[in-house]
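Worksheet: the structure to be examined is printed underneath.
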Amino acid sequence: MKAPISNNPFFRMYRTLTKIMKRFMSDKQIYKYGFNLSPMYRRSTGKVIEVSNNLHDVKIKIPISFKNRNFVGSIFGGSLFSATDPIYMIQLMNILGDNYIVWDKEATIKYKRPAKENVYTEFSFSLEEIKNIKTQIAKKGELNVTKTTHIVNKENIVIAEVIKTIYVADKTFYKEKRKLRANQK
């Protein structure tokens, strides 16, 4: 059986660092600088450029550079995808709080045209969406949330479309579900 994520040393390290940073910084600053200083995210070449106070809106930039330029001179598709991959999940984890389990479940990227210049994208959750997520989880215990974002250039021309499915569950419901699965094996 796989150990719970809370036993993972990296998870504990990030949780501890976040608790320390909360003494000196706002959630918005922790989110932005946490991503931009994280070695994993830096390798994607993406950069968080703006975060709303309530974390409901996040904007990123993926600058074209020697680090992500492919053979034909456009941004490598993997950089486009990896720069967008963790944002919705971490955003939702921070918005919902510790009483919920949030996991990336599925992702699709549809490339529309080459990214031959800096590109941008936004990730948003409305207050109504968050309220609906909490209501559905209160009723069902778990939910799959599907979100779509577009990677665009400065003229707002779509370069790629990213579709993410995020699994969200009540923490107690999730623990019971795992126990049942473990007992069935």
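The values are calculated or read from the model by the stated rules, or taken from the named source; none is laboratory data. Quick caveat, the model's predicted, so the values are computed rather than measured. Cβ placement follows ideal geometry from the backbone for every residue including glycine, while neighbour counts extend to all protein chains displayed. Only protein heavy atoms, including side chains, enter the accessible area calculation; ligands, DNA and RNA are left aside. Shrake-Rupley method; radii C 1.70, N 1.55, O 1.52, S 1.80 Å.
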>> Report every pair of residues separated by at least 6 positions or lying on different chains whose Cβ atoms are under 9 Å apart, first residue within region 157-185 and farther than 18 Å from Y100 by Cβ, second loosely packed, with under 13 Cβ neighbours inside 10 Å and at pLDDT below 95.
In response: A182/M1; K185/M1
>> Being open to solvent by less than 80 Å² (accessible area, probe 1.4 Å) and farther than 16 Å from A160 by Cα is true for just one of S26, S82, S74. Which residue is that?
In response: S26
> Restricting the first residue to region 104-130 and requiring it to be without any contact (Cβ under 8 Å) to a residue 60 or more places away in the chain, which pairs with a second residue that is among the aliphatic types (A, V, I, L, M) and open to solvent by 80 Å² or more (accessible area, probe 1.4 Å) meet a Cβ separation below 8 Å and a spacing of at least six or different chains?
Replying inline: P114/V72
> Any chance region 91-101 includes a residue that's surrounded by fewer than 15 Cβ atoms within 10 Å (Cβ to Cβ), under 20 Å from Y14 (Cα atoms) and of a type in the set (S, T, N, Q)?
Replying inline: yes
> Any idea which of R43, R15 is without any contact (Cβ under 8 Å) to a residue 12 or more places away in the chain, open to solvent by 60 Å² or more (accessible area, probe 1.4 Å), at negative phi and outside any loop (DSSP other than H, G, I, E, B)?
Replying inline: R15
>> Suppose the filter is at pLDDT 90 or above, among the charged types (D, E, K, R) and touching a helix residue (DSSP H, G or I) at 6+ places or on another chain (Cβ under 8 Å); does D57 pass it?
In response: no
> For region 125-156, what are the residues that are open to solvent by 70 Å² or more (accessible area, probe 1.4 Å) and more than 16 Å from the chain's Cα centre (by Cα)?
Replying inline: L127, E128, K131, N132, K134, A138, K139, K140, K154, E155, N156
>> Can you go through E155, E161 and tell me which one is within 30 Å of F76 (Cα to Cα) and part of a strand (DSSP E or B)?
In response: E161
> Can you pull out the residues in region 50-82 that are within 22 Å of T148 (Cα to Cα), among the hydrophobic types (A, V, I, L, M, F, W, C) and touching a residue at least 40 places away in the same chain (Cβ under 8 Å)?
Replying inline: L55, V58, I60, I62, I75, L80, F81
>> Please go through region 14-73 and give me each residue that is over 16 Å from Q91 (Cβ atoms) and among the basic types (K, R), ordered by number.
In response: R15, K19, K22, R23, R42, R43, K61, K67, R69
> Looking at K105, K139, which is the one that is part of a helix (DSSP H, G or I) and basic (K, R)?
Replying inline: K139
>> Return the residues of region 131-156 that are in contact with a strand residue (DSSP E or B) (Cβ under 7 Å, 6 or more places away or on another chain), within 29 Å of K116 (Cβ to Cβ) and free of Cβ contacts under 8 Å to residues at least 60 places away in the same chain; say none if nothing qualifies.
In response: K147, T148, H150, V152, N153
